[in-house]
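Remarks on the structure that follows.
The values are calculated or read from the model by the stated rules, or taken from the named source; none is laboratory data. Here the structure is a predicted model, which is why all the values come from computation and not from measurement. Positions of Cβ are backbone-derived with ideal geometry, glycine not excepted, and every protein chain shown enters the neighbour counts. To get the accessible areas, we keep the full protein, side chains included, count just its heavy atoms, and leave off ligands, DNA and RNA. Shrake-Rupley method; radii C 1.70, N 1.55, O 1.52, S 1.80 Å.
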Amino acid sequence: PDVSLATGSQVTDILDRLLASGQDYIFVLEGGIPVGMPHACVMGERPRTEWVETLASRATTCIAAGTCAALGGIPKMHGTVTGSMTLDEFLAHKGIAKPLVNLPGCPMKPEHFVYTALHLVQTGRLPGLDESKRPRRFFSYTNHERCVLYADFQEKRFATRIGEPGCLLKLGCQGPVTKSDCMLTGHNGNTNNCIRAGHPCIGCASEQFPRQIMLHAFDEKRVIKQQF
């Protein structure tokens, strides 16, 4: 409903008509599913859990759009109380067997979604996926492997403050554990990405996102005392 031109009951009416039509459709979900607290997210007086179960069970294919739906993200971080599940976990929890594509990223890159949707439409099958059900086309390499600062890493030139030249690993960069194509296709039409902007990769497309300590101030000195 967030991207729908319709509002209010128009949104739920569209979904109800779709279900009644018997037409094939692809179910796309953004956000976590609050299984432990269904009333935390309600649409049209029906909890999100009910909508997801009904729509996913009749879909031909499911797409988890963004890290929260695909890998857990913020709704599943330590200390939350909604009992949030990813779409993959929820389908297994409900015994719903459907083809699924995970498109992590916070936010998800529109290029990833358009490619996946067009691949489904043109070929009738999913793109090649990795063990985490992510398209290998985008998630086969870590940001570290393609980093513009990789030469600095090899030469052990590490920045100790935000804004300094050098590899950002000692400032908490999550590039080594984050598989994505950010270094090839940044955000906003490849306008920029975290590392090119001078900030460590925050790992928004990784299973570890979010970390307890994630963002860094310009004048903050945080050096990991570790030999490489």
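Structural descriptor for region 58-97: relative contact order 30 percent, calculated from alpha carbon pairs under 8 angstrom and at least 6 residues apart. Note on the chain: dipole from Cβ charges, positive end direction compared against Cys41, Cys106, Val28; the farthest Cα belongs to Cys106.
The stretch between Gln122 and Ser140, if pulled fully straight at 0.36 nm per residue, gains 4.2 nm over its current Cα-Cα span.
Just to check, using Stokes-Einstein with a Kirkwood Rh over alpha carbon pairs, what's the diffusion coefficient of region 1-71 at 20 °C and 1.002 mPa s in µm²/s?
Values: Rh = 12.9 Å.
The estimated diffusion coefficient comes to 167 µm²/s.
For the chain, the antiparallel share of DSSP beta bridges with both residues in that region comes to about 45%. Once the gyration tensor of the Cα atoms in region 70-205 is diagonalised, the equivalent ellipsoid follows with semi-axes of 30, 19, 12 Å, ordered largest first.
Between Thr54 and Leu5, the FRET efficiency estimated from the beta carbon spacing at R0 = 22 angstrom works out to 0.45. Maximal additional length on extending the Val81-Tyr115 stretch stands at 8.8 nm, based on 0.36 nm per residue less the C-alpha distance.
Could you work out the local net charge near Arg46, counting Lys and Arg as +1, Asp and Glu as -1, over the other residues with Cβ closer than 14 Å to its Cβ? Walk me through the intermediate numbers first.
Details: positive: Arg48; negative: Asp13, Asp16, Glu45, Glu50, Glu53.
Charge balance near Arg46 sits at -4.
Summarised in one figure, the compactness ratio Rg/Rh of region 75-117, Cα atoms and Kirkwood Rh, is 1.05.
In this rough spin-label picture, where each label sits 7 Å from Cα along the Cβ direction, the Asp130-Arg161 distance is 3.5 nm.
Start at zero, step by 5 Å, and the Cα-Cα distances of the chain spread as 1, 6, 13, 16, 17, 14, 12, 9, 6, 4, 2, 1, 0 percent across the bins. For His93, the solvent-accessible surface computed with a 1.4 Å probe is close to 100 Å², ligands and nucleic acids excluded.
Relative to the longest principal axis of the Cα atoms of the chain, helix 9-21 runs at roughly 70 degrees.
Applying 1/(1 + (r/R0)^6) with R0 = 25 Å to the Cβ-Cβ distance of Ala151 and Thr191 gives a FRET efficiency near 0.60. Taking the convex hull of the alpha carbon positions in region 137-184 and averaging its projected area over all directions gives 3.2 nm². With angles folded into 0 to 90 degrees, how steeply does helix 110-123 sit against the dominant principal axis of the chain? Use alpha carbons for both and round to 10. On a 0 to 90 degree scale, this one is about 50. Of Lys109/Lys179; Lys98/Lys133; Lys133/Lys179, which ones are farther than 20 Å apart at the Cα? Beyond 20 Å: nothing from the list.
Helix 48-58 and the longest principal axis of the C-alpha atoms of the chain enclose an angle of approximately 70°.
Per residue, the chain reaches -7500 deg cm²/dmol at 222 nm when only DSSP H runs of four or more residues are counted, each adding -39500 (n - 2.57).
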